[in-house]
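Since every read-out is calculated from the coordinates, none of them should be taken as a lab result. As the structure is a computational prediction, the values presented were derived from the model and not from experiment. Positions of Cβ are generated from backbone atoms using ideal geometry, with glycine treated the same way; all protein chains shown enter the neighbour counts.
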There are 2 protein chains.
Amino acid sequence: MGGDHVKGRGGGADGTPESAEPSPNGRRPTMEDVAARVGVSRALVSVVFRGVPGASASTRERVLAAAAEIGYRPDLAARTLASSRSRVLGVMLTVHNTFHADLVEAMYAEAEQVGYDLVLSAHAPTRHSEKAVGALLGHRCDALVLLGPETSAGFLEELVERVPVVSVGRRFPGTRVDIVNTAEGRAVRLALDHLLGTGHRDIAHLDGGGGAGSVERRRAYRDRMRAAGLADHIRVLPGDHTEASGAEAAHRLLAEGRVPTALFASNDRSAIGFLDAITRAGVRVPQDISLIGYDDIPLAGLAHIQLTTVRQDSVGLAREAVRLAIERLDRPSLPPRSSVLEPELIVRGTTAAPRADVDD
Amino acid sequence: MGGDHVKGRGGGADGTPESAEPSPNGRRPTMEDVAARVGVSRALVSVVFRGVPGASASTRERVLAAAAEIGYRPDLAARTLASSRSRVLGVMLTVHNTFHADLVEAMYAEAEQVGYDLVLSAHAPTRHSEKAVGALLGHRCDALVLLGPETSAGFLEELVERVPVVSVGRRFPGTRVDIVNTAEGRAVRLALDHLLGTGHRDIAHLDGGGGAGSVERRRAYRDRMRAAGLADHIRVLPGDHTEASGAEAAHRLLAEGRVPTALFASNDRSAIGFLDAITRAGVRVPQDISLIGYDDIPLAGLAHIQLTTVRQDSVGLAREAVRLAIERLDRPSLPPRSSVLEPELIVRGTTAAPRADVDD
DNA sequence: GCGCTCCACTAGAGCGCGCTAGGGCGACAA
DNA sequence: TTGTCGCCCTAGCGCGCTCTAGTGGAGCGC
């Protein structure tokens with residue numbers, strides 16, 4: 001295995017070892033090449049590729065044809081350097097989160113429509129948000145979109161002084177960060193009203209810990225239970241937004257022997273972990289216990305899961321995130337805004353009327 | 001929708017975007033600014049940030065301190081433009097794949113060690129690989145690492161003429177693409193020998209369809225079964241690398257009434273889908289059927305899943321992918337290489353001796 | 001004829017950095 | 001003193017592009 005590190009400065013012999021093809025690793029074609037081929041100035045080629053007025057239709061066509069022939073594509077680095085805008089949005093996500101995956105997919109489509117590109121940077125256990133954001137900054141993104149950021153408000157406050165920031169799913173009151181999220185209160189009410197409507201009274205909440213939206217969901221759960229006159233049944237089980245915490249909660253409930261008739265989980269991952277563990281223990285869902293999640297991740301709709309859940313509008317969240325970012329670029333002095341999207345209850349197979357042996 | 005929260009910035013002044021503060025969205029600091037602050041030339045600051053010899057320790061320290069003060073960080077676009085190398089590796093991944101998430105996390109660490117940065121571009125149902133790769137190219141990545149690419153060999157063949165390409169998990173014989181993968185043959189033998197060793201003979205394979213490595217796994221399954229004199233028991237169930245296909249396979253098996261004593265799945269996702277569906281149908285794992293997966297994704301090790309699986313060394317794959325890419329940059333004329341990593345059998349709770357009522 | 005506007009196009013100055021050819025200077029030998 | 005080596009450091013070009021200012025020519029009204 002390669003043990004040699006040739007650190008030649010300047011690259012040594014520039015001679016392309018291969019043939020003299022249009023672009024054999026040697027040098028990538030530039031605007032100059034296209035211009036020369038068509039017989040116009042470089043500036044005009046630039047005009048064509050930026051899609052601004054200033055070139056006749058026939059010239060435009062010839063330029064594009066020549067570019068295609070030699071395999072030219074604009075160099076983003078040079079474009080970024082020359083213009084004040086890079087037309088790139090930086091997105092920080094948690095790679096292990098499939099809901100983030102949904103958001104990213106939708107954001108690609110949204111960004112493309114307004115002529116923007118996305119650069120992804122991952123937050124992970126071994127890679128702090130600060131580092132992920134740093135990488136994005138280095139790429140000179142015009143704006144950052146942070147998906148469920150777990151950074152401190154202080155860090156964001158500094159960050160937003162350097163670049164527009166949109167946070168998806170987590171609010172940062174008191175900072176200039178723009179916010180996109182789901183109407184958590186209404187979402188929780190949708191979930192609880194569904195359970196209450198089918199006769200449940202003993203409804204517990206599986207908490208989301210430090211996850212995005214957890215605080216709001218917990219509070220809304222408490223509020224709704226109180227409003228329904230069920231303050232005595234309020235029960236928040238510790239957890240976070242992972243499958244493991246759902247499974248743990250299930251085991252804990254079983255060990256305590258105090259299984260509620262319904263559980264409202266702070267997100268789908270923990271709900272699925274709970275579902276799996278409780279099912280294995282012989283507790284039937286929904287006959288013995290109803291379960292409701294949050295997010296509507298792809299897994300939730302699978303035939304064997306059929307999780308009832310509160311759907312977050314990932315496409316809508318993505319659209320708003322991109323929109324807010326672009327608007328902020330155009331008008332930096334705008335006050336911080338927040339865009340709140342409507343949730344939707346997706347009733348599937350994990351909820352039903354409570355078991356008969358319970359009364360209180 | 002969306003309420004506006006107007007937050008006056010401390011200090012009374014209404015945040016004028018064009019003020020002359022250290023760095024209020026106006027202009028990001030440059031090397032020039034750092035140089036001026038320290039009282040040295042710009043070139044010397046460059047030396048410090050590139051980490052090359054040529055600056056005294058004390059100067060180095062003062063430069064870094066000044067940079068930190070004014071929040072300077074090198075502009076990747078300018079750096080890329082000026083040098084022939086961008087020191088950026090482009091990674092294409094499937095954003096919904098958690099094994100890819102593991103790989104990406106490990107690659108970040110590897111790349112950082114050799115002074116490289118990663119740019120992620122997602123392949124998704126609505127975003128073809130070609131587009132994802134195009135975006136990477138626009139960012140002028142030095143090399144591309146494609147995770148389980150589902151592109152045509154022809155496309156890759158053209159691509160590799162423009163930029164070094166490393167494929168992880170999928171082989172492209174006959175092209176100049178460098179390959180990193182797990183020794184599929186040995187991996188499959190590990191899995192099957194484990195099952196054979198505990199007495200299983202009726203072992204089916206849940207196929208991976210078009211997924212990375214599927215072809216090799218299917219062939220190795222057939223080979224091993226034949227070698228064990230079990231050609232009559234060879235049974236490949238159609239599927240792909242998703243949970244849904246595993247669940248479907250379970251339902252199909254139950255409907256047919258021909259449940260094998262063991263199933264070797266082409267990846268963990270389909271294994272988990274199968275596990276969930278078959279468990280719900282009342283079939284016990286591992287008492288009634290043993291199950292073994294492939295990859296060892298994070299979910300597999302969770303308390304309530306405990307999936308026996310063949311572990312792919314994600315850290316090793318990541319390391320090799322980065323190494324091959326960098327080596328190729330240093331020596332473009334190297335012949336195509338492939339790096340094959342050893343798999344490891346992880347025995348957890350889904351495998352055991354076959355049920356007693358079966359004999360043949 | 002003149003002045004004017006409009007359109008297609010060009011010239012050339014940077015954007016922030018990497019990189020090479022040197023300049024300045026202290027140390028040491030002759 | 002004069003070299004001469006070595007270390008820190010500086011000057012300045014150019015990467016591929018955007019963008020402002022400007023050029024030339026056709027068309028129009030007077």
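Couple of notes before you dig in:
- Cα shape, the protein assembly as shown, gyration tensor, a/c 1.5 rule: oblate
- Starting from the label point of A:Thr30 at 7 Å along Cα→Cβ, the same points in the other copies fall at 1.8 nm, in ascending order.
- Highest mean first, the peptides B:165-172, B:108-115, B:44-51 sorted by other C-beta atoms within 10 Å per residue fall in the order B:165-172, B:44-51, B:108-115.
- The mean sequence distance of close C-alpha pairs (under 8 Å, at least 6 residues apart), as a share of the length of the range A:181-328, puts its relative contact order at 23 percent.
- Per-peptide average of other Cβ atoms within 10 Å, ordering A:133-146, B:331-344, A:337-350 highest first: A:133-146, A:337-350, B:331-344
- The A:Ala303 and A:Ala57 beta-carbon pair, evaluated with R₀ = 41 Å, returns a calculated FRET efficiency of approximately 0.15.
- Position A:Arg355, label points 7 Å along Cα→Cβ, spacing to each other copy in nm (shortest first, one decimal): 2.6
- Candidates A:Ala191, A:Ala106, A:Ala228, ranked by Gaussian network fluctuation over chain A, Cα under 10 Å, top entry: A:Ala228
- Considering only beta bridges that DSSP places wholly inside chain B, some 10 percent are antiparallel.
- Computed from the Cα positions only, the extents of the range A:140-288 along the three principal axes stand at 54, 32, 20 Å, in decreasing order.
- The simple Förster model, with R0 at 45 Å and r as the Cβ-Cβ distance, assigns B:Ser41 and A:Glu157 a FRET efficiency of 0.85.
- The range A:208-306: C-alpha gyration tensor shape, a/c 1.5 cut-off, then a/b vs b/c: oblate
- Shielding by partners - mean other protein chain Cβ count within 10 Å, residues of A:103-109: 4
- Once the C-beta distance of B:Asp313 and A:His128 is scaled by a Förster radius of 22 Å, the resulting FRET efficiency is 0.35 to the nearest 0.05.
- With Rh defined as the Kirkwood radius, the inverse of the mean 1/r over Cα pairs, the Rg/Rh of the range B:234-360 is 1.12.
- Three-way shape label, chain B, alpha-carbon gyration tensor, a/c 1.5: prolate
- Per-residue average of Cβ from other chains inside 10 Å of B:126-138: 3
- Using just its DSSP H runs of length 4 or more, each adding -39500 (n - 2.57), chain A gives a mean residue ellipticity at 222 nm of -12500 deg cm²/dmol after division by all residues.
- Distances between copies of B:Pro173, taken at a point 7 Å out from Cα along the Cα→Cβ vector and listed shortest first: 6.5 nm.
- Once both labels are positioned 7 Å from their Cα atoms along Cα-to-Cβ, the gap between B:Glu344 and A:Ala65 label points is 6.0 nm.
- Contact order relative to length of chain B, as percent, for alpha carbon pairs under 8 angstrom and 6 or more apart: 15
- Partner shielding of A:87-96 amounts to 3, given as the average count of beta-carbon atoms from other chains within 10 Å of each residue beta-carbon.
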